[in-house]
Structure formats: C-alpha cells, structure tokens
Amino acid sequence: MTISLKPNNSSPEKLQPTGWLKYLSFSLDHKVIGLQYLVCGFLFYLIGGSLAGAIRVELISPLSDFMPREVYNQVLTLHGTIMIFLWIVPVVNGAFGNYLIPFYVGARDMAFPRLNAVAFWLIPPSGLMLITSYFINGAAQSGWTAYPPLSITTPAAGQIIWILSVLLLGGSSIFGGINFIATILKLRRPDLKLMQLPMYCWAMLGTSILVVLSTPVLAGTLILLSFDIVAHTGFFNPSLGGNVIVYQHLFWFYSHPAVYIMVLPAFGLVSEILPIHSRKPLFGYTTMVFSIMGIVVLGLIVWAHHMFTSGTPPWMRLFFTIATAFIAVPTGIKFFNWVATLWGGKISLNAAMLFSCGFIINFVLGGITGVALAQVPFDVHVHDTYFVVAHFHYIVYGGSVFVIFSSIYHWFPKFTGKMLNENLGRFHFIITFIGFNLCFAPQHWLGLNGMPRRVAEYDPQFQLINQISSVGALLMALSTLPFLWNILQSILYGEEAGDNPWNALTPEWLTSSPPPVENWDGEAPLVLEPYGYGKKDSNETQEAIR
Amino acid sequence: MPKLSAILTLTTSLILGIAGVWVAYNVNMLPVSASMNAPVYDELYRVLFIIGVILFIGMTALVIYSLIQFRRRPGETGDGIDLEGNISLEIFWTAVPAIVVLFVGLYSYDIYDRMGGMQPLMHDHSGQMDNQAERVWGGIGSGPIESSSKKNSSSLPIELTAMQFAFIFHYPKGDIISGELHVPVGREVSLKMESKDVIHAFWVPQFRLKQDVIPGQPTILNFTPTKAGNFPIVCAELCGPYHGGMRSNVIVDKQEDFDTWLKENSKESI
C-alpha cells in the first residue's frame, strides 16, 4: 500500500477532503460513498421519472401524436434502464448497503474501500453515457430487454452505448456484491455471530450472492450481442444461423434475479424500520433468515417464466410455473412476520412507518398478480400486456421505491443530524400512495382486455382508463415536490436530531449524527440483540444510551 | 378470551371468503370469450381472483387494523410487547401458503392440460413430409385430448408470416394470401407461424391465446373459435417503431360463409 510510505500513521480515510467537497471526491469513507449513491440515484430517478411522464403524456390519446415513434421507443428503453440500473439497484444496494453494513457488523469501513469508490464512480459516467446517447443518433430503442433481432436491426450506435453502459453498471454491481459478502463474513466485530446481525445484513448477503452469480451471465450475453451488432457474428442473429431464444434464456438468468436484487434489500430495510417505529422485536428472526436464503435459491431457477410464449417446451413451462409459484411461500412468511411485528406494538404513525406499510400493501398485490402470472395458462393471455406493466410496477415502485422513501425518512436524521418534518412526510406519503395506485391499478384491466405493453398507439376503447392512469402519474410527479421541499427545509433550518432520535438499538444509532469518519470514537459497540425492544434489560440499555 | 378471538377469526375469514367469491363472480374484467379454451381460462382466472381478493383484503385489513389499534397515543411512552416469534404460528403461515400454492399449481396444470398444452404438437401441412423432422415450437393447443389422433384430418392449416409491421396469412388450401385471418366457427385451426425479421407475437385477447412469432424457429398455435364475430389480432412483442400499429383482425364466420369466402378468393378450384 502506498499509504504506508507516508510519514503519518493516519488511516486513508483521514486523508480525504472534508466539508461538502468530499461528496464529489474519490472518497473511501463508506458513509460518503453511501450518500453519493443515494443522491446520484435520486437525480437519475428524476430523469427516469420525467421519461415516464413523457410516456404517460403520449398515452393520453390513442394516437401516436406527442413524439415520433422511434423517440417513444427510446424513451421507454431509457426509462426502464435508468430506473433499474441507475436508481433502484444502486440505491437499495449501494446507498443503504454502504452506509449501514459496516455499522451493523461493527466495522470501521467496508472490506475494500477503494473497490467501493471505484464501484460508485462507474455509475455517473455510464449513466451520462446512456442518456447522452439520445443526442448521438438516438438512444437504444429495443426496450430494456434488448431482445435480438430487434436490438441487432435498430440503429447500432445507441444500442452499443446502451450495452457499454449496462456492462459498466453490471461491473459496479459485481464489485459492490463482492465487497458486501467480504464485509459481512469477514469484518464482523469479535463476539458477534451471524445470527445476531440485523436482518438487512442477511438481505444484503443474499442479494450479493445473486449479484455475483448472475450478473456475469448478463455481461457475457451483452458482449455476444455487441459482437452480433459490430462484427456481424451470428450468435443471436437468425439470418446467420443464430438462436434468438438462447439470448432470452441468458438475459433472464440475470434479469429475473435482478428483481430480487431490487427487492431483497428493500425487505431488509423494512425489517429494520418496522421494529423501531413499532417498538417491538422483529417477529420470527430465524424464519426471516431462512426465507431470504430460500428466495435466493428459488430466484435462480425461475427465469423461464418470462418466456412462456417464446415457444418453450411443455415440461419447461411446468417446471418454471411450480418453481415460481413456490417463491410465494418464503415471501409470504416475511409479510406475515412483518404484520406480526406490528401486532401489539406501540406504533408511531410517522412517514417512515407509513411508507413501509404502504410497501406491504402494494407488494402483496404485486405478489398476488405475480403468482397468477406464474401460471402458464394465465400468462399466455396477459404476457407482454399492461397487466405485466402493472404487476412489476407494484413490485419495484410500490415495493422498492416506497421502501427507499421510508428509509430516507428513517435514516435522514443519522445522515445529516437534522429531523425531517413529519407532517410534510405524511402528506408526501398520501399523495404518492394515491397517485401510484391510481396510475397502476387500472393497468391490470387494460392488460386483461387487450392492450399490449410498449405501444405508442392503442385501441380507442382504452382511452379513458389510460387518462386515469396518466392523472395518477401526474400525482406521483407532484408528490416529489413536498419531499424535496422537506429535505431542503430540513438541511437549512431543521430541528437538531441528536444521536438517537428514534431510541433505536441498532449500532448506527449508537454514535453521533452524522457519525465520525471511522464510525465510533471509541470501540465499536457490541449489539447482540438489535431488536431487543420491550425487554426489561433493553430498557436499561436504552436509558444508558439516553 | 381465546374463544372470542377464535370466533372473531372464523367470522372474519368467512366474511372474507364470501366477499372474495362475490367479487370474483360480479366483477368481470375479461373481454368476450370466443374460443374453446377461453371458458377454461376464465375458470382459472376466477379461482385465482377469489384467492387473490381474499389474501389482499385480509392483509390490507390486518395492516390497517394494526396501525389503528396499536398506534401510539399522545403522551404514551415505552415499548410494545416483547414477542420475538411463535413457532406454531410461523409453521401455520408457512404451511397455508404452501398448500394454496401447491393447489394453484396443480389446478393450473389441469387447466393447461385441458387447454391442450400437454399434447404432443402435430402438424401436417401436406406435401411437406421432409425426412428431417422439422423442429416446431409449440403454443397451446385447444382440442380435447381424445381428438388429438384425428386432429390432422380435421384441423384447418393456415400459415402466418409476420413482418414489420404486418401479419400475412396464407391458406395452403386454395393458395389464398390475406391480411386478415378468416376462420370458421367450431373447427380447429392450426396456425403455423414464422417471422421474417424480428420477434412478433400473435395475440387474440378474446381467444385468451398468445404465441411469439419467431424468426428462424417456426411456432404452432392451435385454437378453435366458438363465436362468430370480428376480433382484434394484436402484436404483443416490441418489434419496432410501429409496434403499436401492428394490428389485424380475425373474422370468425359460420362454416357456410367461410366456405363462400374460401371459394371466392381461391386461386385454384378446390
């Protein structure tokens, strides 16, 4: 290490810039990197959200009249890619993972701080590259799935830039995954056992296993696809003897686990938030751990349920139906356990709690439609329709994005030392919840009745429902305003939070807000019961903390 | 007390169950059913809908009830009860979803079988008896299993070529080329599909059937229309700028009308 040549013995973290400039630097501090991920992800969320707005404006009328058809396809491709690879995956993994995991395992930083910084700094350039490809000959227009031969026959420049940026983002994700696995398994404070870790650590361990196992498959597939585009090879090009279905298998081998990469960390975050705001232990810790690992295993063997209409043989359709439907079992356990965590608590109805409960309700609906979609005979009707659009937005927006907002309300006092305004937060929740459901619930009906997804024009009989959906989208867009105002207000004039405003027991609250560079001034606290609410001795600990 | 809660639980589940069944039979979210496997599909849909409504209303009610009942009253301090788990409860809500899911899986297997999904797909476009067995990837068939042996003689073969952005139908019998699909009521149609350029999908919402049309890999879709009328054919796989406009019609006629159409458009006498 070059650092050891320096005369002083400070750790590398202490040589970093200070003040707000550190957020623009190649910082090695996991907390700085976490917030870099969060803010960067949120900026991309605003861009991806504007693109979603453009889609909903186009769909107000049944004709393709708002933007050219090619541009519409570019917009939907960019919307999907940005929301998945630049907002949800980096935020639920990178932002909260980097900020929280070292606290939870009692470490002063991640296992590989430099790799961590590299993983973050891959994101802004690849994101910018992706978005600016719109101005060079147009962005990719084959959807975020980039199925060949469409992705081979559409303009090459945009598609190649899309592949490059997804490869870089996948690389960033893999670096992050390796780092999380190493940190959780190897940097645990002495005397802290795996089964004493907060649930988010288990969620991140499971997610990182999925990332490390499946993302390389996507990378390989996209490299082959780029060969087909640039060097006119025939891996997936049927006119050169290639096979388009093989691409779909390889693509979904990553992209179905990608759903769990977006959702499992959200499960973990909810498991941290609910006990604190209902003042009760997390219900069924052990079953929660096993259900996470069950989801990881099952998540790897269900990919072909995205391909029930692709001409898959009957036995394959059956196997993937059963495997997919069984994911409902470990997922169901988690939801029942969360409701049991609320039961008999002393629940604070603050914004963090409301967003988490909104998540439970939305995700249950998304899960039910998911089990339905897993059934081959059901799927052959609604596959590739707005029913699917509704289903996965209930999972990734109603699920993950609600949890991201919940987590921001929960950890903002730790990030900044300032409290957010709870009334504004509740207002934000109500508008988001109504807007989201107004936007996506009617889309189930659209899909069942014959509206395919990814279309710029549609049968006029669907106009009214599409307009209702667009009003919901407008509400969702407006709902970010009270949120941004709240953040701004709080940073400037917010009430001081103190070290532990929620009287929480998990280790990140047992230090100052914001925490010092190496997390604790003294030794890391040993928290053996992160969810020990309602216990006599834990009350004493809490007294001591106060 | 335990007795009271047991009665409460039972009544709520009963009310939920009735509500689920009522909703499923009174809220119709599906278009007209116009093929032999559409009523089978609608049956599956109804069962899934009942289970879904019960689960969704039940979970939502539990969450809202907890939020109201266990909310922190003003001035209240302290923690909730110290309850870290309950093995029998956890076993219960692992077993129940597992049984429900298993039931749904087996039931949908049965539905799939009744739709003809498990039959070996056969097609006979006479005159194409290649030595090399042609590799055809199957969609869902619609004929009952007993008729599968005589399927070849009774089903109407039609070839579909999809391209950006049109469906072209070819009737080997009569050598007709048409942009719309004409089929008779009550006879099984065997649609052999292949794409010229990118992946498309053939979807008729009223038939509850969809099959991708793939370049380089012919696919087959069997169905039996049961209702005369005019239904949309929709492309359901993103295929380029005009994907939303790639639509056609399937015209289901009575046998006589179909025969007339066939006769009028044939290039050769049949």
The condition from (1) within 19 Å of the chain's Cα centre (by Cα); (2) in a helix (DSSP H, G or I) that B:PHE92 misses is numbered (1)
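Out of curiosity, is B:GLY186 away from chain A (no Cβ under 14 Å), more than 20 Å from the chain's Cα centre (by Cα) and over 18 Å from A:PRO377 (Cβ atoms)?
On the way: away from chain A (no Cβ under 14 Å): yes; more than 20 Å from the chain's Cα centre (by Cα): no; over 18 Å from A:PRO377 (Cβ atoms): yes.
No: the conditions fail for B:GLY186.
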Check on A:GLY294, within 13 Å of chain B (Cβ to nearest Cβ) and assigned to a loop (DSSP other than H, G, I, E, B)
no
Considering segment A:313-351, residues that are in contact (Cβ under 8 Å) with a residue 60 or more places away in the chain and of a type outside the set (A, V, I, L, M, F, W, C), and then whichever is nearest to B:VAL100 (Cα to Cα), we arrive at A:LYS334
The residue that is nearest to A:THR77 (Cα to Cα), considering only those in segment B:249-270 that are surrounded by 15 or more Cβ atoms within 10 Å (Cβ to Cβ) and touching a Lys or Arg at 6+ places or on another chain (Cβ under 8 Å), is B:VAL252
By residue number, the members of segment B:1-57 that are in a loop (DSSP other than H, G, I, E, B) and farther than 23 Å from A:ASN362 by Cβ are B:MET1, B:ASN28, B:LEU30, B:PRO31, B:VAL32, B:SER33, B:ALA34, B:MET36, B:ASN37
Among residues of segment A:392-427 being among the aliphatic types (A, V, I, L, M) and more than 28 Å from A:GLY19 (Cα to Cα), the residue farthest from the chain's Cα centre (by Cα) is A:LEU424
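Quick check on A:VAL455: is it facing another protein chain (nearest Cβ under 10 Å), in contact with a helix residue (DSSP H, G or I) (Cβ under 8 Å, 6 or more places away or on another chain) and assigned to a loop (DSSP other than H, G, I, E, B)? Show your work before the answer.
On the way: facing another protein chain (nearest Cβ under 10 Å): yes; in contact with a helix residue (DSSP H, G or I) (Cβ under 8 Å, 6 or more places away or on another chain): yes; assigned to a loop (DSSP other than H, G, I, E, B): yes.
Spelling it out, A:VAL455 is indeed facing another protein chain (nearest Cβ under 10 Å), in contact with a helix residue (DSSP H, G or I) (Cβ under 8 Å, 6 or more places away or on another chain) and assigned to a loop (DSSP other than H, G, I, E, B).
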Reported set for segment B:219-236 where residues are buried (at least 21 other Cβ atoms within 10 Å of the Cβ) and more than 12 Å from every other protein chain (Cβ to nearest Cβ) is B:ASN222, B:THR224, B:PRO225
B:LYS196 vs (1) within 7 Å of another protein chain (Cβ to nearest Cβ); (2) surrounded by fewer than 20 Cβ atoms within 10 Å (Cβ to Cβ); (3) in contact with a strand residue (DSSP E or B) (Cβ under 6 Å, 6 or more places away or on another chain); (4) not hydroxyl-bearing (Ser, Thr, Tyr): all pass except (1)
Of (1) within 17 Å of B:ARG71 (Cβ to Cβ); (2) more than 9 Å from every other protein chain (Cβ to nearest Cβ); (3) touching a Gly at 6+ places or on another chain (Cβ under 7 Å), A:LYS346 satisfies every one except (2)
Worksheet item: B:TYR112: out of contact with any His (no Cβ under 6 Å at 6 or more places or on another chain), at pLDDT 90 or above and assigned to a helix (DSSP H, G or I), yes or no?
Response: no
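Among the residues of segment B:237-248, is any assigned to a strand (DSSP E or B), within 14 Å of another protein chain (Cβ to nearest Cβ) and either of a type outside the set (A, V, I, L, M, F, W, C) or crowded, with 19+ Cβ neighbours inside 10 Å (or both)?
Our first condition is that a residue be assigned to a strand (DSSP E or B); within segment B:237-248, this holds for B:247-248.
Checking which are within 14 Å of another protein chain (Cβ to nearest Cβ) leaves us with B:247-248.
Then drop every residue that is not either of a type outside the set (A, V, I, L, M, F, W, C) or crowded, with 19+ Cβ neighbours inside 10 Å (or both), which leaves B:247-248.
Looking through segment B:237-248, at least one residue is assigned to a strand (DSSP E or B), within 14 Å of another protein chain (Cβ to nearest Cβ) and either of a type outside the set (A, V, I, L, M, F, W, C) or crowded, with 19+ Cβ neighbours inside 10 Å (or both).
Within segment A:225-243, work out how many residues are without any contact (Cβ under 8 Å) to a residue 24 or more places away in the chain and in a helix (DSSP H, G or I).
As a first pass, look at segment A:225-243 and keep what is without any contact (Cβ under 8 Å) to a residue 24 or more places away in the chain: A:227, A:231-235, A:240-241, A:243.
The next check asks that each one be in a helix (DSSP H, G or I); those that pass are A:227, A:240.
So the count comes out to 2.
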query: Looking at this structure, is A:ILE322 within 30 Å of A:TYR533 (Cβ to Cβ), in a helix (DSSP H, G or I) and aliphatic (A, V, I, L, M)?
result: no
**Asked** Quick check: is even one residue across segment A:307-317 crowded, with 22+ Cβ neighbours inside 10 Å, in a helix (DSSP H, G or I), small (Gly, Ala, Ser) and facing chain B (nearest Cβ under 10 Å)?
**Response** no
Log entry, pairs with first residue in segment B:207-218 being facing chain A (nearest Cβ under 7 Å), second being charged (D, E, K, R) and part of a strand (DSSP E or B), beta carbons closer than 9 Å, six or more apart or on different chains, reads B:ILE214/B:GLU194; B:PRO215/B:GLU194; B:GLY216/B:GLU194; B:GLN217/B:GLU194
Of (1) more than 22 Å from B:GLY116 (Cβ to Cβ); (2) within 14 Å of chain A (Cβ to nearest Cβ); (3) acidic (Asp, Glu), B:GLU256 satisfies every one except (2)
Item to complete: Evaluate the following for A:VAL289: is it at pLDDT 95 or above, within 12 Å of chain B (Cβ to nearest Cβ) and in contact with a Phe, Trp or Tyr (Cβ under 6 Å, 6 or more places away or on another chain)?
Response: yes
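Give the residue, chosen from A:LEU192, A:LEU210, A:LEU205, A:LEU185, that is part of a loop (DSSP other than H, G, I, E, B) and either of a type in the set (S, T, N, Q) or within 24 Å of A:THR287 (Cα to Cα) (or both).
Values: A:LEU210 fails: part of a loop (DSSP other than H, G, I, E, B); A:LEU205 fails: part of a loop (DSSP other than H, G, I, E, B); A:LEU185 fails: part of a loop (DSSP other than H, G, I, E, B).
Every option except A:LEU192 fails the conditions.
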Reported set for segment A:231-252 where residues are over 32 Å from the mean Cα position of the chain (by Cα), more than 11 Å from chain B (Cβ to nearest Cβ) and either surrounded by 15 or more Cβ atoms within 10 Å (Cβ to Cβ) or of a type in the set (A, V, I, L, M) (or both) is A:ALA231, A:THR233
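Residues checked against (1) touching a Gly at 6+ places or on another chain (Cβ under 9 Å); (2) at pLDDT 90 or above; (3) among the acidic types (Asp, Glu); (4) more than 19 Å from A:LEU187 (Cα to Cα):
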{"site": "A:GLY494", "(1), (2), (3), (4)": "yes, yes, no, yes"}
{"site": "A:TRP502", "(1), (2), (3), (4)": "no, yes, no, yes"}
{"site": "A:PRO507", "(1), (2), (3), (4)": "yes, yes, no, no"}
{"site": "A:LEU510", "(1), (2), (3), (4)": "no, yes, no, no"}
{"site": "A:VAL517", "(1), (2), (3), (4)": "no, no, no, no"}
{"site": "A:ASP537", "(1), (2), (3), (4)": "no, no, yes, yes"}
{"site": "A:THR541", "(1), (2), (3), (4)": "yes, no, no, yes"}
{"site": "A:ILE545", "(1), (2), (3), (4)": "no, no, no, yes"}
Reported set for segment A:25-84 where residues are among the acidic types (Asp, Glu), more than 26 Å from A:PHE436 (Cβ to Cβ) and touching a residue at least 40 places away in the same chain (Cβ under 8 Å) is A:ASP29, A:GLU70
- Task: Take B:SER108 and decide whether it is at the interface with chain A (Cβ under 7 Å from one of its Cβ atoms), within 30 Å of B:THR219 (Cβ to Cβ) and among the polar types (S, T, N, Q).
- Result: yes
Per the filter on segment A:53-94, residues hydroxyl-bearing (Ser, Thr, Tyr) and surrounded by fewer than 21 Cβ atoms within 10 Å (Cβ to Cβ) are A:SER61, A:SER64
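Listed here are the residues, each with its yes/no results for (1) within 30 Å of B:ALA236 (Cβ to Cβ); (2) of a type in the set (D, E, K, R); (3) in contact (Cβ under 8 Å) with a residue 24 or more places away in the chain.
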| residue | (1), (2), (3) |
| --- | --- |
| A:GLY425 | no, no, yes |
| A:THR432 | no, no, yes |
| A:PHE440 | yes, no, yes |
| A:HIS444 | yes, no, yes |
| A:THR480 | no, no, yes |
| A:GLU508 | no, yes, yes |
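I'm trying to understand the selection: among the residues of segment B:62-87, which are hydroxyl-bearing (Ser, Thr, Tyr) and at the interface with another protein chain (Cβ under 7 Å from one of its Cβ atoms)? Step through it out loud before you land on a result.
The first filter runs over segment B:62-87 and keeps only residues hydroxyl-bearing (Ser, Thr, Tyr), leaving B:65-66, B:77.
If the condition is that a residue be hydroxyl-bearing (Ser, Thr, Tyr) and at the interface with another protein chain (Cβ under 7 Å from one of its Cβ atoms), then B:SER66 is the only one that fits.
Report, by residue number, each residue of segment A:380-390 that is crowded, with 23+ Cβ neighbours inside 10 Å and either part of a helix (DSSP H, G or I) or more than 7 Å from chain B (Cβ to nearest Cβ) (or both). Let's see the steps before the verdict.
Keep residues of segment A:380-390 that are crowded, with 23+ Cβ neighbours inside 10 Å, which gives A:380-387, A:390.
Residues satisfying the conditions are A:VAL380, A:HIS381, A:VAL382, A:TYR386, A:PHE387, A:ALA390.
The values are calculated or read from the model by the stated rules, or taken from the named source; none is laboratory data. A quick note: this is a predicted structure, and the numbers were derived from the prediction, not measured. With ideal geometry, Cβ positions are generated from the backbone for all residues, glycine too; neighbour counts draw on all protein chains shown.
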